[in-house]
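Visitor: Below you will find the structure I want to go over with you.
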Amino acid sequence: MPEKNKRPSAEVINPGLGDIEKVRDILFGKYVASFEQRFAELESRLEADVEQLKDKLIDKMGSMDKAVNESLARLDTQIVQEKSTRDTELLSLQNNLREAEAALQHAITTMEDQANQDLAAVRRSLEESLQDLKDRALATQTELTAQIDQQKEDLQHDKVGRHSLALMLDEVAIKLRGN
């Protein structure tokens, strides 16, 4: 510390202390100067160390910022790639779904066509069976009609025979009565 600042303050506070300052300078002056020199060196080393630490801290912060920015850039790239991959997979799934829907629709249409063809075949078969039954019924009816006609004719002949028999019996009876 400068001497001039101490002396006026010591003389202002207590005018007789100026001499004490001189005695102290004589007794401890060399130590004080060495302490002041050491403090100055220590202060300059501390300032240099603080500056060095500050530089290291700035370098570290810069490298950390760089590492964080690189990590963020990698993450952004990965996110973009993942989004692209997911979009591609989504499109693929949508295409697969459309294809499956088209295949299902085709299968349904094919099954409907087959069912319609089978139904038409069953209808034709039923119509043929119905026609066959009609033909058989007609044949049976014709046959039965022919049999009925035959029996009627037979009965007619039998009836005529009865009638003739009755006439003949009447004649016999008349002849028997007349005789």
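Here, each number is a calculation from the coordinates, and none is a lab measurement. The structure presented is a predicted model; accordingly, all values stated were derived computationally and were not measured. Quick reminder, even Gly has a Cβ in these numbers, built from the backbone with ideal geometry, and neighbours come from all protein chains shown.
Visitor: Eight or more residues apart or on different chains, and alpha-carbon atoms under 21 Å: count the Lys pairs in the stretch 3-178 matching that.
Guide: 7
Visitor: Which Cα, out of 53, 84, 147, lies furthest along the positive dipole direction of the chain (beta carbon charges, K/R +1, D/E -1)?
Guide: My answer, from the dipole projection, is 53.
Visitor: Summing Lys, Arg as +1 and Asp, Glu as -1, what charge do residues with Cβ under 14 Å from the Cβ of residue 145 carry, residue 145 excluded?
Guide: Local charge sum for residue 145: -2.
Visitor: Tell me the mean residue ellipticity at 222 nm calculated for the chain from its helices only (DSSP H runs of n ≥ 4, each -39500 (n - 2.57), averaged over every residue, nearest 500).
Guide: -37000 deg cm²/dmol
Visitor: OK, next. Tell me which label goes with the value of Cα Rg over 2.2 N^0.38 Å computed from the coordinates here: (1) 1.21; (2) 4.43; (3) 1.57.
Guide: Read-out taken from this structure: (2).
Visitor: Around residue 39, what is the net charge, scoring Lys/Arg as +1 and Asp/Glu as -1 over all other residues with Cβ under 14 Å from its Cβ?
Guide: -2
Visitor: I would also like to ask the following. Report the local net charge at residue 119: Lys and Arg +1, Asp and Glu -1, summed over other residues whose C-beta lies under 12 Å from its C-beta.
Guide: -1
Visitor: About the Cα centre of the stretch 3-178, what is the dipole size in debye to 20, counting +1 per Lys and Arg Cβ and -1 per Asp and Glu Cβ, all else neutral?
Guide: Here the stretch 3-178 has a charge dipole of around 540 debye.
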